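See below for the structure under consideration.
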Amino acid sequence: MADQPVLAHFTGDVVLPDGRKIRVSAYPDGSIRFRVDGLPYVLTEAYLTGNPEKNQAILKISPGKQGSNATYNYVEELEKKNGS
């Protein structure tokens, strides 16, 4: 029998000013999962060991496609969407 997926013990949603939604889920094993609506994203910053003095890790994702200028792709997609 296959293992059952671990259920999140916390889930919270954030709606950004442009309507995109972010869902954050926390799991009993300490892991955190982010689900982001919208365009493809590129991981642009990752400080997984973070700042030990502040006990923080930092992740940044930007709209765009792998290997390209993320900001340019986001603006291009918005223009297409808005018919500009």
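Bear in mind these aren't lab numbers, they're just calculated from the coordinates by the rules spelled out. Given the structure is predicted, the values throughout are model-derived calculations rather than measurements.
Extension gain for the segment T49 to V15, taken as residue separation times 0.36 nm less the Cα-Cα distance, is 9.5 nm to one decimal.
Under 5 Å between amide hydrogens, built in the peptide plane, is the criterion, and for G64 it picks out Y41, V42 among residues at least 5 positions away or on other chains.
Taking 20 Å as the straight-line reach from the Cα of K81, the aspartates and glutamates in range (excluding those fewer than 8 positions away in the same chain) are D18, D37.
The slack between A26 and A57, meaning 0.36 nm per residue of separation minus the straight C-alpha distance, is 9.7 nm. 3J(HN,Hα) along region 38-48, derived from phi through the Karplus expression 6.51 cos²θ - 1.76 cosθ + 1.60 where θ = phi - 60°, amounts to x, 5, x, 10, 10, 6, 10, 8, 8, 10, 6 Hz, with x in place of Gly and Pro.
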